[in-house]
């Protein structure tokens, strides 16, 4: 699928970067480019590989260095963007500077859409823990989420941002409404521990989209998608999800359900191809390693570009 001629869209993606594998900008830029977007990347960190490996080396960009790069773009008058996409960062001052940049870009283009993956932590075996410094949470709550248009937290991150636990779908709807009230018009809880109607082998994704109709009334569409669990620990899936949701909501601005179905279906294609390849590399009875579990992105180009809908959503 291509962005129609004459309507080129440009994305500024501020995320982590690794030399080996697909996380951060490596996971986001490729699908966005395949789906017709021009992508400018700023690397919040530059590592040899993701930190799940036994060893890694690299550098972390600070707020002043981020501002210097942005100033260079401004001097050349190339700061008109249609989208901003952000993900993992570990520094609160860096994150606050990102907000300043987003607000300035929105002044230049009031139609700009800011998509934020609020990377804070996750749950393992029912227990949640943060894998970024705790001082980032108030920055996300007070500064980032209010200027975001799209956010893609997992269940644990949605609970952190709202201070409310999710035990039922009704809880999830209330949490998404609380996040809407903070600012974003589109909220997708990318993964949850809620029981799926199809059984324990399935994972639930929940989405909510608010829009103002021609009559001035606010309408909210909520959907639920159940996708097969893939029993492995992947890295970069959140970055890939956020990028594809950005792309598909752009291509289907009036069909939130279809945008989510294409996003989740493409995720399934990538993950299934990755786990099959990893198991073949590891050999029978051997648990695949992190290098073997790197996302098979290039091999999944056709599925990213035109995903077969193997996951469909239901209205809530």
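The values are calculated or read from the model by the stated rules, or taken from the named source; none is laboratory data. All values derive from a computational prediction rather than experimental measurement. For neighbour counting, all protein chains shown are included, and Cβ atoms are generated from backbone atoms with ideal geometry for every residue, glycine included.
Miscellaneous remarks
- Qualifying residue in the stretch 143-154 (condition: at pLDDT 95 or above, surrounded by fewer than 20 Cβ atoms within 10 Å (Cβ to Cβ) and more than 28 Å from residue 315 (Cα to Cα)): yes
- Filtered residues of the stretch 80-129 (kept if part of a loop (DSSP other than H, G, I, E, B) and out of contact with any helix residue (DSSP H, G or I) (no Cβ under 9 Å at 6 or more places or on another chain)): 109, 110, 111, 125, 126
- Near pairs, Cβ below 7 angstrom, 6+ apart or cross-chain, from the stretch 145-158 (farther than 12 Å from residue 86 by Cβ) to any residue that is part of a helix (DSSP H, G or I) and modelled with pLDDT of 95 or more: 146/182; 153/161; 158/175; 158/179
- Of the residues making up the stretch 155-170, those that are crowded, with 17+ Cβ neighbours inside 10 Å and over 25 Å from residue 100 (Cα atoms) number 4.
- Screening residue 66 with (1) at pLDDT 95 or above; (2) over 20 Å from the mean Cα position of the chain (by Cα); (3) surrounded by fewer than 20 Cβ atoms within 10 Å (Cβ to Cβ) gives one miss only, at (3).
- From the options 187, 173, residue that is in contact with a strand residue (DSSP E or B) (Cβ under 7 Å, 6 or more places away or on another chain), part of a helix (DSSP H, G or I), touching a residue at least 24 places away in the same chain (Cβ under 8 Å) and closer than 18 Å to residue 260 by Cα: 173
- Residue within the stretch 210-217 that is surrounded by 15 or more Cβ atoms within 10 Å (Cβ to Cβ), more than 16 Å from the chain's Cα centre (by Cα) and modelled with pLDDT of 95 or more present: yes
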